[in-house]
1. From Leu120, Leu168, which residue is open to solvent by 40 Å² or more (accessible area, probe 1.4 Å), touching a residue at least 60 places away in the same chain (Cβ under 8 Å) and farther than 29 Å from His304 by Cβ?
2. Please count how many residues of the stretch 101-117 are surrounded by 14 or more Cβ atoms within 10 Å (Cβ to Cβ) and either in contact (Cβ under 8 Å) with a residue 24 or more places away in the chain or of a type in the set (D, E, K, R) (or both).
3. Given the condition in a loop (DSSP other than H, G, I, E, B) and either buried (at least 17 other Cβ atoms within 10 Å of the Cβ) or of a type in the set (Lys, Arg) (or both), answer yes or no: does some residue in the stretch 71-84 qualify?
4. Out of curiosity, is Arg307 open to solvent by 50 Å² or more (accessible area, probe 1.4 Å) and either touching a helix residue (DSSP H, G or I) at 6+ places or on another chain (Cβ under 8 Å) or farther than 19 Å from Leu57 by Cβ (or both)?
5. Restricting to the stretch 104-139, name every residue that is within 31 Å of the chain's Cα centre (by Cα) and hydroxyl-bearing (Ser, Thr, Tyr).
6. Do we find that Ser210 is among the hydroxyl-bearing types (Ser, Thr, Tyr) and open to solvent by 20 Å² or more (accessible area, probe 1.4 Å) in this structure?
7. Can you name the residue in the stretch 54-70 that is more than 16 Å from the chain's Cα centre (by Cα) and in a loop (DSSP other than H, G, I, E, B) and, of all such residues, is nearest to Arg307 (Cα to Cα)?
Amino acid sequence: MQSRKAVAIIGAGFSGSLLALHLLESGPEELTIFLIERDAGFGRGLAYGTRDPHHLLNVRVGNMSAFPDRPRHLEQWLANWGDEALAHPAAFITRRAYGDYLGSMLRAAISRPTGAERLLLIHDEVVGLAPSPRGMGLTLAMGSQFDVDAAVLAIGNLPSAPPAGVDLTGLPEGLYAADPWAETTLDRLSKTAPVLLLGAGLTMVDIALSLKARGHEGTLFGLSRRGLTPRRHGGLAPAAYETPKIPDLPLSGLLRWQRQQARKLGWREAIDALRPATQALWREASPQQRRRFLRHLRPWWEVHRHRMAPAVADQVEALRANGQLVTTAGRLVSADQRGMRWRASAASSTAPGREAIRPWRARWSRT
């Protein structure tokens with residue numbers, strides 16, 4: 001008799017957990033699912049593991065259901081188990097609450113008849129993955145080995161690379177924080193220290209809000225090549241719209257068409273209407289088109305597509321208004337130690353061919 005089919009999902013954040021839930025619901029009954037996570041907690045991952053109540057989803061409740069065919073699923077969960085006041089399609093909930101939502105569905109899946117047999121949660125790290133006669137062979141850090149028919153990598157984003165062209169090896173430990181999400185990253189920071197944040201996207205926004213909530217008083221500098229920051233969501237939930245028929249045009253023609261759509265519908269509505277079509281557009285793009293998009297359009301797409309919840313945007317604007325948050329265009333060109341300080345010089349990207357060097361000093365306590 002043929003043994004049960006099995007699939008291993010490596011990583012139990014948003015993508016891995018949702019895949020496991022959908023396989024349980026629509027996959028074959030004889031399928032066994034191994035959901036493997038090395039960190040504590042299933043269903044959270046990096047995005048929804050934050051405990052900071054100031055970190056909100058950047059998408060409304062009405063667009064964050066785990067099941068596309070049940071758009072009110074998250075709304076109903078909030079009404080029953082979460083915050084009933086936020087059980088509204090236009091609401092923005094905390095990322096922590098959304099992690100609770102995903103985790104509750106995994107627990108419910110296991111509690112069903114045969115659920116614990118079909119879905120196995122493994123708290124371990126995959127250290128080996130290689131083809132096997134059955135399909136794929138896995139080796140775990142604790143020593144276990146087993147074969148499955150297929151393996152899915154759902155490991156999330158790779159760690160950030162260090163700034164290009166800048167040698168940070170000579171800096172004392174703790175002066176440069178490569179991982180903004182590590183629990184101790186903000187702990188040793190002096191309350192009055194000016195802080196240089198490399199990047200000006202949503203992660204910069206999260207860290208700025210976390211520092212403000214801690215009572216941080218120093219100036220926060222957000223530095224990115226173009227100085228662009230995420231736009232805010234509109235105050236009202238968008239009306240229903242149909243995905244437009246995408247014309248068969250080169251990248252420059254698609255950009256002109258999208259600008260026409262923005263003038264006709266509003267830029268938020270025009271961007272949101274593309275959501276169902278973006279994956280197909282990317283798959284059908286040639287390598288040259290992809291390179292051109294990544295080089296020229298990606299920063300503008302990201303700040304318009306990945307927006308801030310209105311409450312978050314209000315806090316960011318307040319930080320800017322009082323001078324505590326300053327965002328600028330440029331790149332890091334050097335970093336060196338000056339006693340208890342390190343200095344970073346940013347070359348402005350606003351004047352082609354010229355570098356306007358601005359020194360910043362960021363103090364980090366050694367406690």
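1. Step by step, each of Leu120, Leu168 is checked, and only Leu120 is open to solvent by 40 Å² or more (accessible area, probe 1.4 Å), touching a residue at least 60 places away in the same chain (Cβ under 8 Å) and farther than 29 Å from His304 by Cβ.
2. Residues of the stretch 101-117 that are surrounded by 14 or more Cβ atoms within 10 Å (Cβ to Cβ), as a first pass: 101-106, 109-110, 115.
Keeping just the survivors that are either in contact (Cβ under 8 Å) with a residue 24 or more places away in the chain or of a type in the set (D, E, K, R) (or both) gives 101-106, 109, 115.
Qualifying residue count, the stretch 101-117: 8.
3. yes
4. In short, no.
5. Hits for the stretch 104-139 are Ser104, Ser111, Thr139.
6. When the stated conditions are applied, Ser210 does not pass them.
7. Among those that are more than 16 Å from the chain's Cα centre (by Cα) and in a loop (DSSP other than H, G, I, E, B), it is Ser65.
Okay, residues lined up against (1) open to solvent by 50 Å² or more (accessible area, probe 1.4 Å); (2) assigned to a loop (DSSP other than H, G, I, E, B):
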residue: Phe34; (1), (2): no, no
residue: Ala40; (1), (2): yes, yes
residue: Gly45; (1), (2): no, yes
residue: Tyr48; (1), (2): no, yes
residue: Asp52; (1), (2): no, yes
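The values are calculated or read from the model by the stated rules, or taken from the named source; none is laboratory data. Model, not experiment: these values are computed from the prediction. Reconstructed Cβ throughout: ideal geometry from the backbone, glycine too, with neighbour counts over all protein chains shown. For accessibility, only protein heavy atoms count, side chains too; no ligands or nucleic acids. Shrake-Rupley method; radii C 1.70, N 1.55, O 1.52, S 1.80 Å.
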